[in-house]
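Have a look at the structure below before the remarks.
The values are calculated or read from the model by the stated rules, or taken from the named source; none is laboratory data. All of these numbers come straight from a predicted model, not from anything done at the bench. No Cβ is skipped: glycine too gets one built from the backbone with ideal geometry, and neighbour counts run over all protein chains shown. The protein model used for the area step is the full one, side chains on, heavy atoms only, and it has no ligands, DNA or RNA in it. Shrake-Rupley method; radii C 1.70, N 1.55, O 1.52, S 1.80 Å.
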Amino acid sequence: MKVLIADQINEKGIDELKDIADVVVQTDITPEELVSSIPDYDAIVVRSRTKVTREVIEASQKLKIIARAGVGVDNVDVEAATEKGIMVVNAPESTSITVAEHTMGIILSLARKISIADKSVKEGKWEKSKFMGSELAGKTLGVIGMGRIGSQVVKRCKAFDMKILVNDPYITEEVASRLGATIVERDTLFEEADVITIHVPLTPETKHSIGKAEFALMKDTACIINCARGGIINEEDLYQALSEGAIGGAGLDVFEKEPPEGNPLLALDNLVATPHIGASTMEAQRDAAIIVAKEIKEVLTGGTARNVLNMPVIDPETLILIKPYFELMTKLGRFLIQTAQGNIKEIDVTYCGELAEFPKLDILTRMILQEILNPILTEPVNLVNAMAVAENRGITVIEGKRCEVHGFDSLIRVEMKSDKNDMVIEGVSTKEPKIVLINGYKVDVETEGHLLISSYKDIPGVIGIIGTKLGEHEINIAKMQVGRQEPGGEAVMVLKIDSTVPENVLDELKELENVYDAVVVNL
Ligand code: NAD
């Protein structure tokens, strides 16, 4: 077997591979040389220099695995690899400790004014009284996003005797308490924390999720640190908060535009800035090399890899049977993640009717998990790693089959239990995917566009006031369905609307008399 190391990686990774393969290190390989030599190789390791293009992948003849010794895979054509059944792996956990330690460095630098004191001493000054600092012991740390890196920061701040508050809607109380952290609402975290550190992915939900409103809640001595991704903090609002003294300080390893040329933040003394070096240590590079080398070893000796980024190959007969359910599963997953409240604990999928006899139903379950987990995690969740990612996050996944079903040939029932709500939905894929039950109420809902789901007291006039409120905001209702258990009790209304409902309008709807809840689902 032959492995090509196309970019410079740590020797330890190369040594790991030497037991099972003939390892060729060619770190100056040109794109042309790569295309001509790739047919000889079973595996290739790259960092970011070498581009594994469609041309390279198509030229390969026995390539089984492409390994990126690091995190991002922008330089690998993952789609082309998937089409050819070649696995793409990376090493997402290799940088967690490194980034957590960098975060600690910034926290300490802010607390003890290390970077400005350093500058002052080097300018020949000796301004002892100017740099009065504060201790971390006894202070409160607020962590937004407690995944791989957030958890490592928590462990380190516990050692500094800090009290830990966490906001991460997608982790369980058990996971938090195991690390000695308490889950709190976002506002509580902003109000109570002395140091706030961000470790969430950049998603449409997190983009500019920290701005004016959040700075207004924070203590005027509080510091905020972003070693995650630029764009999560609104930089204009941060500039205002720092320059007006609304907060004490900030530490940024990442910026919305990098390098941050001309960014006014850089002129502020209460900002500590580093040039996106959170992941840059020898150890992270060594670990990335060892992790991917172990993955290659596993795959080339018949085992399975852990950090696979692309889909498995499904045999054609199975594909014909289960393909009609792909869209339904995707839509059910999207529906569930948008209606979930609190930490997801259990996802229970039951395949009913004829479908219960089909093979490879776990692929459909993975498809739902992929839709539920992808919007909230940094690493791509796919059909290969979905079960493992759910398990790592403490989510129990249960798959069941039931033969009987009424009114349809096949039906899929998904129950998602979170610590604040439980959702049960049922879907069918007849001519097109449809949702036919929401929390015990029979409905008949197409799975596209925007839906507004409201629960309310089943008395005259409530439907009217919801419609009027939407009308006031020029939101047009295309279709309406209502369901109730008994007259006068709780009822559910599903409206198909022509545009989504902004957050402020949703809040107004929830405040209407006899309206219990309202949620928007964009499918
Ligand atoms: P992760 O996927 O392990 O953890 C992310 C956590 O954020 C998860 O627990 C998730 O539940 C939570 N989350 C998602 N949306 C949320 C929301 N709206 N509110 C609160 N919590 C939310 O990711 P990770 O590996 O820990 O990486 C964290 C961040 O660090 C990412 O943005 C990543 O890109 C970044 N990163 C930066 C560097 C650097 O060089 N500075 C290096 C590596 C990673």
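Worth pointing out:
- Checking Ile20 against (1) surrounded by fewer than 18 Cβ atoms within 10 Å (Cβ to Cβ); (2) within 28 Å of Thr378 (Cα to Cα); (3) in contact with a helix residue (DSSP H, G or I) (Cβ under 7 Å, 6 or more places away or on another chain); (4) not hydroxyl-bearing (Ser, Thr, Tyr), the condition it does not meet: (2)
- Residue count, the stretch 264-280 (criterion: in a helix (DSSP H, G or I), within 24 Å of Asp194 (Cα to Cα) and open to solvent by 30 Å² or more (accessible area, probe 1.4 Å)): 2
- Residue that is in a loop (DSSP other than H, G, I, E, B) and more than 12 Å from the ligand (Cβ to nearest atom), where the choices are Glu283, Glu205, Glu261, Glu298: Glu261
- If you go through the stretch 139-188 and pick out every residue that is closer than 21 Å to His102 by Cβ, open to solvent by 40 Å² or more (accessible area, probe 1.4 Å) and within 11 Å of the ligand (Cβ to nearest atom), you end up with 2.
- Any chance Gly407 is small (Gly, Ala, Ser) and at pLDDT 90 or above: no
- Exclusive hit being in contact with a Gly (Cβ under 9 Å, 6 or more places away or on another chain), surrounded by 21 or more Cβ atoms within 10 Å (Cβ to Cβ), of a type in the set (Val, Ile, Thr) and part of a helix (DSSP H, G or I), set Val254, Val292: Val292
- Hits in the stretch 55-106 - residues which are of a type in the set (Ser, Thr, Tyr) and either touching a residue at least 60 places away in the same chain (Cβ under 8 Å) or away from the ligand (no atom under 16 Å from the Cβ) (or both): Ser60, Thr82, Ser94, Thr95, Thr98, Thr103
- Top-ranked residue of the stretch 189-202 - restricted to ones that are near the ligand (Cβ under 10 Å from one of its atoms) and not hydrophobic (A, V, I, L, M, F, W, C), ranked as surrounded by the most Cβ atoms within 10 Å (Cβ to Cβ): His199
- Candidates are the residues of the stretch 41-64 that are open to solvent by less than 30 Å² (accessible area, probe 1.4 Å) and part of a loop (DSSP other than H, G, I, E, B); the one that is farthest from Glu83 (Cα to Cα) is Thr50.
- Any chance Lys434 is among the charged types (D, E, K, R) and part of a strand (DSSP E or B): yes
- Of the listed requirements (1) outside any helix (DSSP H, G or I); (2) touching an Asp or Glu at 6+ places or on another chain (Cβ under 7 Å); (3) open to solvent by 10 Å² or more (accessible area, probe 1.4 Å), Ala67 misses just one: (3).
- Qualifying residue in the stretch 394-415 (condition: open to solvent by less than 60 Å² (accessible area, probe 1.4 Å), among the aromatic types (Phe, Trp, Tyr) and outside the structural domain of Val175 (by TED's automatic domain parsing)): no
- For Lys442, the requirement of being open to solvent by 50 Å² or more (accessible area, probe 1.4 Å) and in a strand (DSSP E or B) is met.
- Val143 touching a helix residue (DSSP H, G or I) at 6+ places or on another chain (Cβ under 7 Å), in a strand (DSSP E or B) and closer than 21 Å to Ile337 by Cα: no
- Of everything in the stretch 117-138 that is among the aliphatic types (A, V, I, L, M) and surrounded by 11 or more Cβ atoms within 10 Å (Cβ to Cβ), the residue that is farthest from the ligand (Cβ to nearest atom) is Val121.
- Subset tally (residues that are away from the ligand (no atom under 16 Å from the Cβ) and in contact (Cβ under 8 Å) with a residue 24 or more places away in the chain) for the stretch 358-379: 10
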